[in-house]
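Report on one structure; see the data block that follows.
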Amino acid sequence: MTDTIRIADQHDVPALYDLLQQAYAPLAREGVHFTITRSPVERVQRTVASHTTFVLERESPSGDKALAATLTVRFPWTPEDRHLTPYPFIHWFAVAPDFKRQGLGNTLLDYVENTFLKTQVKAPATYLATAVEHPWLKAFYERHGYVPFQQSINALGTPLVWLRKVLIPELYPQTPAA
């Protein structure tokens, strides 16, 4: 099996939408609601057009390709999506159910953080927000160096925690609070 990480384009939107719906469905059943679970496919089209959406594509021995994981980076200059983040913001991070527990989330996050954001973009830090009750909060994000700095509630009533990770300390203007 061969894995390829690339930037998604409009041809990927239907498969990307399906991946996001399938990956976030178990959380919705547990009462953790993200807006993507109630968004139309057109929202994914707009996001792919204005943000940088990465996909990890897995090729089987027979040559079939499937989107196995995705992660989207929103940059601070995307005007319709400005939030609390002066640096790139990670969202819509998901692994397709058939590919969970294979380390693909780690692979994709490492690529985006280190190869893309740190080495190519030279981003001092990156941010993300997730549900306080999300199982990845402690087991994944905090273990990968993300530090909570604020809480809020999303439009669907889900309590969120905002996290940041300093990628290049000498370029980050302040020391993040622990």
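The values are calculated or read from the model by the stated rules, or taken from the named source; none is laboratory data. All figures in this text were calculated on a predicted structure; none of them were measured in a lab. Neighbour counts are summed over all protein chains in view; Cβ atoms, including those assigned to glycine, are modelled from backbone coordinates with ideal geometry.
Annotations
- Restricting region 128-143 to residues that are surrounded by 16 or more Cβ atoms within 10 Å (Cβ to Cβ) and not in a helix (DSSP H, G or I), the residue that is modelled with the highest pLDDT: Leu128
- When every residue of region 5-15 is checked against the conditions, none turns out to be modelled with pLDDT under 95, of a type outside the set (Val, Ile, Thr) and over 30 Å from Tyr172 (Cβ atoms).
- Criterion (of a type outside the set (Asp, Glu) and within 23 Å of Phe149 (Cβ to Cβ)) met by exactly one of Pro88, Pro26, Pro61: Pro88
- Filter result for Lys122 (modelled with pLDDT of 90 or more, among the charged types (D, E, K, R) and either surrounded by fewer than 13 Cβ atoms within 10 Å (Cβ to Cβ) or in contact with an Asp or Glu (Cβ under 7 Å, 6 or more places away or on another chain) (or both)): yes
- Of all the listed residues (Val32, Val41), the sole one being modelled with pLDDT of 90 or more and surrounded by fewer than 22 Cβ atoms within 10 Å (Cβ to Cβ) is Val41.
- Looking at Ala49, Ala25, just one residue is among the small types (Gly, Ala, Ser) and either at pLDDT 90 or above or under 14 Å from the mean Cα position of the chain (by Cα) (or both), and that residue is Ala49.
- Only residues that are out of contact with any Lys or Arg (no Cβ under 7 Å at 6 or more places or on another chain), surrounded by 15 or more Cβ atoms within 10 Å (Cβ to Cβ) and not β-branched (Val, Ile, Thr) were counted in region 1-29, giving 12.
- Matching residues, region 66-81, being assigned to a loop (DSSP other than H, G, I, E, B) and at pLDDT 90 or above: Phe75
- Verdict on Arg58 being at pLDDT 90 or above, part of a strand (DSSP E or B) and over 14 Å from the mean Cα position of the chain (by Cα): yes
- Just one of the listed residues (Thr70, Thr130) is within 20 Å of Val161 (Cα to Cα), touching a helix residue (DSSP H, G or I) at 6+ places or on another chain (Cβ under 9 Å) and among the β-branched types (Val, Ile, Thr), and it is Thr130.
- Any hit, region 101-119, residues being more than 19 Å from Leu27 (Cβ to Cβ), surrounded by fewer than 19 Cβ atoms within 10 Å (Cβ to Cβ) and of a type in the set (A, V, I, L, M): no
- Comparison of Leu84, Leu108 shows that the only residue that is modelled with pLDDT of 95 or more and closer than 23 Å to Leu160 by Cα is Leu108.
- Tally of residues being within 18 Å of the chain's Cα centre (by Cα) and either farther than 24 Å from Glu113 by Cβ or among the β-branched types (Val, Ile, Thr) (or both) across region 154-166: 4
- Of the criteria (1) modelled with pLDDT of 90 or more; (2) surrounded by fewer than 12 Cβ atoms within 10 Å (Cβ to Cβ), which one Gly63 fails: (1)
- Filtering region 21-34 for residues that are in contact with a His (Cβ under 8 Å, 6 or more places away or on another chain), outside any strand (DSSP E or B) and under 22 Å from Gly157 (Cβ atoms) leaves a non-empty set.
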